[in-house]
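Asker: Starting off with a structure, shown below.
Bear in mind that the values in this text are calculations on the coordinates, not laboratory data. Please read these numbers as outputs of a predicted model, since none were measured by experiment. Cβ atoms come from the backbone with ideal geometry, glycine included; neighbour counts cover every protein chain shown.
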Amino acid sequence: MTAHPIDSIIYGHLWGTEELRVLFDDEGRIQSWLEILAALAEAQSGLGIVPPEAAAAIRDNADVRRLDLTRVAELTRSTGHSTLGLIRCLQEVLPSSAREWVYYGATVQDISDTWTSMILLQVSTVLDRDLARAERAARRLAETHADTVMCGRTHGQPGLPITFGFKAAVWASELARHRERLAEGAARWGVAQLGGALGTMEFWGDQAVPLLDSFASRLGLKAPDIAWLTARDRIAEFVGLLGMVTATLGKIGQEIYQLQRPELGEVREGSHAGVVGSITMPHKVNPEISEHLVTLARIIRSKVGLALEAMLHEHERDGRAWKAEWIFLPEACILAGATSSLSCELLEGLEIDEERMTGNLADRGGYMMSEPVMRELSPLLGKHAAHKLVYNIAMRGRGLGVGFEEVLLAEPALEGLLSADEIHKALDPAAAVGSAAEFVRRVLAVEPRPS
């Protein structure tokens with residue numbers, strides 16, 4: 001049994017992916033910690049600090065399957081120390097000649113922070129892969145529907161015509177920028193930690209800096225310029241980026257959620273046989289993925305505040321702030337994995353109803369083309385005078401319940417200014433989308449980052 005939805009066998013698919021869960025569960029985390037301990041022993045052996053045979057034994061036994069995690073847990077509780085239970089259990093499976101050389105001079109934060117850096121790189125890789133899929137799907141929608149005219153909306157109300165391709169291109173462009181941020185941030189996040197008691201590495205004397213360089217290199221990480229025991233900006237930046245990425249994906253979900261409403265009906269989530277929208281209302285087909293993306297994005301954004309709070313450390317180590325990361329970082333990463341995975345499913349299966357988009361435009365009675373009419377009149381009357389005139393005409397026509405073209409043709413103030421043909425052309429939605437298609441082409445012309 002489990003108390004957290006992330007680990008639920010019933011609801012876990014909504015809150016995470018197995019790919020990321022295994023990085024953070026006990027087995028995955030302990031296995032990574034063992035590999036870090038082995039790399040530390042090997043780096044120390046290379047500098048003559050640890051006997052080569054001891055380092056080899058530590059490497060040979062760096063396998064979570066050799067440990068009894070129940071006993072690790074018992075010793076962790078009885079010692080009150082977060083790592084001592086692991087160390088004692090590892091010592092028990094090591095030959096006696098190697099037992100005193102494991103975890104030599106290191107602290108728990110050296111191990112856990114180095115693991116965190118490795119995790120950030122692994123999560124970044126997963127997110128970039130999923131965002132690449134989502135970006136490709138958005139680009140396909142942009143290309144396919146570059147000329148599919150629909151209502152553009154501001155403040156929730158119809159404004160001017162746009163194309164659905166324009167909307168999708170905005171999504172694709174934003175996703176591409178997030179992928180750039182992930183790539184740029186990796187150099188800052190992938191940094192080892194090996195500071196010893198207070199970060200000065202005093203335990204290793206003159207060999208400290210060479211040891212740090214060797215240790216980091218063996219794990220595929222960079223060596224920091226200085227210990228970051230109390231400098232948590234890297235983690236705050238990463239969680240902040242998770243908040244931004246999932247806010248974008250949540251925004252896309254929210255847009256699709258709204259456009260799928262039967263009153264609009266312009267897009268639909270891909271249908272799956274057997275999916276039930278309501279157990280009481282059999283007719284319902286709910287936008288399950290779309291709304292869940294909004295939920296996930298909200299929860300992840302709440303973790304950003306915790307990450308910023310965790311930057312406030314006292315002195316050279318502060319467990320009050322540091323240990324908060326143990327909760328919010330795994331949750332933020334696993335939830336972000338669910339968000340990116342579901343977003344791919346949503347965008348790749350999205351169904352577009354072009355007829356409904358055209359119908360919704362027609363239902364506005366032509367009033368969405370008030371700006372093109374004003375634009376035609378502006379050189380003749382001045383922009384502000386044209387706005388006042390078209391506003392009065394539009395309000396009168398809507399009050400009478402007649403179409404915009406009808407009230408325009410009947411307006412005496414327009415005689416000698418606009419012909420019936422000019423009015424008709426100004427009311428063509430396809431001619432009122434501005435440079436939408438050109439902007440779509442500009443987005444598509446940028447080669448996506450390789451995933």
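Asker: May I ask for the net charge around F404, where only other residues with Cβ less than 15 Å from the Cβ of F404 are counted and Lys, Arg are +1 while Asp, Glu are -1? Could you put the intermediate results ahead of the total?
Answerer: Working: positive: R364, R375, R396, R398, K425; negative: D363, E371, E376, E405, E406, E411, E422, D428.
Result for the local shell: -3.
Asker: Taking other Cβ within 10 Å of each residue's Cβ, how do V433, V123, V285 sort, fewest first?
Answerer: Result, fewest neighbours first: V285, V433, V123.
Asker: How high is the relative contact order of region 50-208, in percent, counting Cα pairs under 8 Å that sit 6 or more residues apart?
Answerer: RCO, region 50-208: 22 percent.
Asker: Below 8 Å between Cα atoms, with a sequence gap of 6+, how large is the relative contact order for the chain in percent? Walk me through the numbers on the way to the answer.
Answerer: On the way: 618 pairs, mean separation 82.1, N = 451.
The value is 18 percent.
Asker: Moving to a separate point now. What is the gain in length, in nm to one decimal, between W326 and E100 on full extension, counting 0.36 nm per residue of separation less the C-alpha to C-alpha distance? Each step should come with its number before you reach the end.
Answerer: On the way: separation 226, 0.36 × 226 = 81.36 nm, distance 2.81 nm.
Gain on extension, W326 to E100, equals 78.5 nm.
Asker: Dipole of region 108-360 (Lys/Arg Cβ +1, Asp/Glu Cβ -1, origin at the Cα centre): which of T116, I300, Y257 lies farthest to the positive side?
Answerer: Working it through, the farthest residue towards the positive pole turns out to be Y257.
Asker: Here's something else I'd like to know. As a test, work out the antiparallel percent of DSSP beta bridges whose residues both lie in region 108-360, rounded to the nearest 5.
Answerer: Of those bridges, close to 90 percent are antiparallel.
Asker: Given the chain, what percent of its DSSP beta bridges are antiparallel, to the nearest 5?
Answerer: Around 90 percent of the beta bridges assigned by DSSP in the chain are antiparallel ones.
Asker: Ok, one more. Using a ≥ b ≥ c from the Cα gyration tensor of region 1-139 (square roots of the eigenvalues), is it rounded, prolate or oblate, where a/c under 1.5 gives rounded and otherwise the larger of a/b and b/c decides, a/b for prolate?
Answerer: Here region 1-139 falls in the oblate category.
Asker: Next question, about the same structure. Evaluate E = 1/(1 + (r/R0)^6) for Q207 and R129, where r is the Cβ-Cβ distance and R0 equals 35 Å; express this FRET efficiency to the nearest 0.05.
Answerer: My answer for the efficiency is 0.35.
Asker: In whole Hz, with x marking every Gly and Pro, tabulate ³J(HN,Hα) for region 28-35 from phi via Karplus 6.51 cos²θ - 1.76 cosθ + 1.60, θ = phi - 60°.
Answerer: Each residue's phi maps through the Karplus curve to give x, 5, 5, 4, 5, 4, 5, 5 Hz.
Asker: Using a simple charge model, +1 on the beta-carbon of Lys and Arg, -1 on the beta-carbon of Asp and Glu, nothing else, what dipole does region 86-223 show about its Cα centre, in debye to the nearest 20?
Answerer: Magnitude of the dipole: close to 660 debye.
Asker: Amide H neighbours of V191 under 5 Å, counting only residues 5+ apart in sequence or on other chains, H built in-plane at 1.01 Å?
Answerer: K222
Asker: For region 13-21, in order, what is each residue's ³J(HN,Hα) by Karplus, 6.51 cos²θ - 1.76 cosθ + 1.60 with θ = phi - 60°, in whole Hz (x at glycine and Pro)?
Answerer: Working through the residues one at a time gives 5, 7, 10, x, 10, 4, 4, 8, 4 Hz.
Asker: Another question, then. Quick one: Karplus J couplings for region 418-435, per residue in order, coefficients 6.51, -1.76, 1.60, θ = phi - 60°, nearest Hz, x for Gly and Pro?
Answerer: Values, residue by residue: 10, 7, 4, 5, 5, 5, 4, 5, 5, 9, 7, x, 5, 8, 10, 8, x, 9 Hz.
Asker: Charges on Cβ only, +1 for Lys and Arg, -1 for Asp and Glu, centred on the Cα centroid of the chain; of A197, G319, G28, which one is farthest towards the dipole's positive end?
Answerer: G319
Asker: May I ask for the distance between the Cα centers of region 412-436 and region 165-179, given as a whole number of Å?
Answerer: The distance from the Cα centre of region 412-436 to that of region 165-179 comes to 32 Å.
Asker: What FRET efficiency comes out for the pair D60/K383, r = Cβ-Cβ distance, R0 = 60 Å, nearest 0.05?
Answerer: Efficiency for this residue pair is about 0.15.
Asker: Stretched out fully, how many nm does the piece from Q122 to E438 gain, at 0.36 nm a residue minus the Cα gap?
Answerer: Fully extending the segment from Q122 to E438 adds 110.0 nm.
Asker: In addition: Among P5, L131, L418, which residue has its Cα positioned farthest towards the positive end of the charge dipole of the chain, with +1 placed on the Cβ of Lys and Arg, -1 on the Cβ of Asp and Glu, and the dipole taken about the Cα centre?
Answerer: Farthest towards the positive pole: L418.
Asker: Quickly work out the K425-to-T70 label distance, labels modelled 7 Å from Cα along the C-beta direction, and quote it in nm with one decimal.
Answerer: The answer from the label model is 8.4 nm.
Asker: Now, a different point. Starting with the highest mean, order 398-405, 124-131, 410-417, 254-261 by the number of other Cβ atoms within 10 Å, averaged over the residues of each peptide.
Answerer: Working: 398-405: 14.2, 124-131: 20.1, 410-417: 12.5, 254-261: 18.2.
Sorting 398-405, 124-131, 410-417, 254-261 by mean packing, highest first, produces 124-131, 254-261, 398-405, 410-417.
Asker: Which FRET efficiency, nearest 0.05, do D7 and E354 yield, Cβ-Cβ r, R0 51 Å?
Answerer: It comes to 0.75.
Asker: Further, regarding this structure: Fully extended, how many nm does the chain gain between H81 and I299 (0.36 nm per residue separation, minus their Cα-Cα distance)? Show your work: numbers first, answer last.
Answerer: Details: separation 218, 0.36 × 218 = 78.48 nm, distance 3.03 nm.
Going from the current span to full extension adds 75.4 nm.
Asker: In addition: How big is the equivalent ellipsoid of region 108-360 along its three axes, where each semi-axis is √(5λ) from the Cα gyration tensor, reported in whole Å from largest to smallest?
Answerer: So the three semi-axes of region 108-360 are 45, 18, 15 Å.
Asker: Viscosity 1.306 mPa s, temperature 10 °C: give me the Stokes-Einstein translational D for region 403-451 in µm²/s, with Rh taken as the Kirkwood radius over C-alpha pairs.
Answerer: Roughly 115 µm²/s, to the nearest whole number.
Asker: Cα centroid distance between region 202-246 and region 301-377, in Å?
Answerer: Using only Cα atoms to place each centre, the spacing works out to 29 Å.
Asker: Long-range amide H contacts for T163: which residues qualify at under 5 Å (H placed 1.01 Å from N, peptide plane, sequence gap of 5 or more or a different chain)?
Answerer: M150
Asker: About the Cα centre of the chain, how large is the charge dipole given +1 on each Lys and Arg Cβ and -1 on each Asp and Glu Cβ? Please answer in debye to the nearest 20.
Answerer: With only Lys, Arg, Asp and Glu charged at Cβ, the dipole is about 500 debye.
Asker: Under a 5 Å amide H to amide H cut-off, with H placed in plane at 1.01 Å, what residues pair with R153 once short-range neighbours are removed?
Answerer: The answer is G159.
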